[in-house]
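Q: My structure is below; once you've seen it, I'll send some questions.
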Amino acid sequence: MTARTEPLVTVVIPAYNAEKTLLETLKSVSNQSYDKLEILVVDDGSRDGTLAVASDYGLNDNRVRVLRQDNGGVARARNHGIREARGLYIAPVDADDIWHPSKIELQLQALRKFPDARGVVYNWYAAIDENGIIFGHSRPVMHEGDVFEDLLRENFIGNGSTPLMPRAEIIRCGGYDAGLRDSGAEGCEDLKLYLALAETLPFALVPDFLTGYRFTKGNMSSNAYRMLKSHALVMAPIVARYPHLARDVRAAEFNTARWYFMKAFSDVDFAQVKKLAPLMARKYSSQLLIQSVRQSWRRAKRRGIRMAERILGERLASRKTSFAVAAPQTGTAFSDRFPAMPATEAVYLIPSRTANNE
């Protein structure tokens with residue numbers, strides 16, 4: 001990509017009371033190997049030092065502009081930034097997430113496969129805690145091209161800090177739906193936009209873990225009941241338009257509910273478990289029974305394989321799929337991955353942790 005054809009990319013950072021994490025996010029954006037960036041921090045009516053952190057940082061990076069609005073939620077903050085953007089592409093990142101330095105460069109390279117570079121690009125993510133330490137990662141799916149039905153079945157992008165999207169197409173789709181927050185169902189604005197884009201645009205993948213997606217007890221995705229309500233509201237009009245996909249949507253709703261239930265259980269968040277357990281029993285009893293039978297079958301199959309291995313005295317061939325990048329290592333800092341990544345070096349196996357979070 002020559003200097004003449006390099007597009008301006010606008011990074012939109014919605015920030016509400018984010019003074020503790022915003023500086024790290026801004027550094028990860030400023031240090032991108034692709035530097036033709038416009039960086040918009042949208043202060044969503046913060047009551048802490050968020051505005052000061054953003055303003056001070058802008059003194060050292062003239063690509064940074066700080067916008068302000070009354071508190072209206074993350075969707076309105078992102079939409080504000082998109083309206084003010086001058087870039088051809090929008091790259092959103094939440095004020096507590098971080099990027100690998102090559103993220104934007106690799107995503108722009110991936111766009112070249114499409115006519116006029118008109119499409120959406122995503123990558124995989126590493127799940128990080130409050131201190132930036134990796135504790136898991138997304139399932140490394142390989143969906144490309146027409147991904148609409150794949151997105152219905154699973155939000156494989158998984159967060160709002162990953163995609164690179166054409167600004168004109170976001171505006172055509174109406175941007176992020178701020179009305180979900182007004183309905184008490186904030187959470188799936190990302191998925192709704194991705195689905196709207198996927199109806200008309202192809203998606204490309206950069207097969208690497210380039211987003212550090214921070215999970216904290218206070219973030220939006222920890223409110224499981226609200227997320228499930230948001231998911232149902234997003235899916236309802238899609239089922240009305242595509243009734244033949246209703247079964248896939250029901251399966252996605254069950255998988256989403258089960259994921260949040262298991263997450264609440266593993267986090268020892270009994271308040272969430274208490275809310276979700278009656279819902280799971282009332283709405284998904286048959287699916288839970290089928291899931292239980294399948295899990296029992298898998299356990300029996302694994303026992304059978306181990307017995308056969310002992311009898312035969314050899315290890316049976318694994319069917320796991322390998323990919324050409326290194327998996328994030330649990331217990332290490334996401335920033336430790338920065339020096340050694342352009343690549344298609346190292347090999348890893350599909351991880352056991354899968355996620356269907358928004």
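The values are calculated or read from the model by the stated rules, or taken from the named source; none is laboratory data. The shown structure was predicted, so the numbers you read here are calculated from the model rather than taken from an experiment. For neighbour counting, all protein chains shown are included, and Cβ atoms are generated from backbone atoms with ideal geometry for every residue, glycine included.
Q: Scan region 79-103 for residues that are buried (at least 20 other Cβ atoms within 10 Å of the Cβ) and farther than 21 Å from Tyr34 by Cβ and jot them down.
A: Across region 79-103, the qualifying residues are Asn79, His80, Asp96.
Q: May I pose another question? For region 28-63, what are the residues that are under 24 Å from the mean Cα position of the chain (by Cα) and either among the β-branched types (Val, Ile, Thr) or at pLDDT below 95 (or both)?
A: Val29, Ile39, Val41, Val42, Thr50
Q: If you don't mind, there's one more thing I want to ask. Give the residue that is nearest to Thr50 (Cα to Cα), with candidates limited to residues of region 83-113 that are out of contact with any helix residue (DSSP H, G or I) (no Cβ under 7 Å at 6 or more places or on another chain) and of a type in the set (Gly, Ala, Ser).
A: Ser102
Q: What tally of residues in region 8-24 results from selecting those that are part of a helix (DSSP H, G or I) and either of a type in the set (D, E, K, R) or more than 29 Å from Pro339 (Cα to Cα) (or both)?
A: Result for region 8-24: 1.
Q: Does Ala281 qualify as being more than 20 Å from Gly187 (Cα to Cα), at pLDDT 80 or above, of a type outside the set (Phe, Trp, Tyr) and surrounded by fewer than 17 Cβ atoms within 10 Å (Cβ to Cβ)?
A: no
Q: Could you check, for region 176-183, whether at least one of its residues is farther than 13 Å from Ala204 by Cβ, surrounded by fewer than 15 Cβ atoms within 10 Å (Cβ to Cβ) and of a type in the set (Ser, Thr, Tyr)?
A: Yes - at least one qualifying residue is present in region 176-183.
Q: It is to be established whether one or more residues within region 205-216 are crowded, with 20+ Cβ neighbours inside 10 Å, more than 22 Å from Gly145 (Cβ to Cβ) and either small (Gly, Ala, Ser) or without any contact (Cβ under 8 Å) to a residue 12 or more places away in the chain (or both).
A: Yes.
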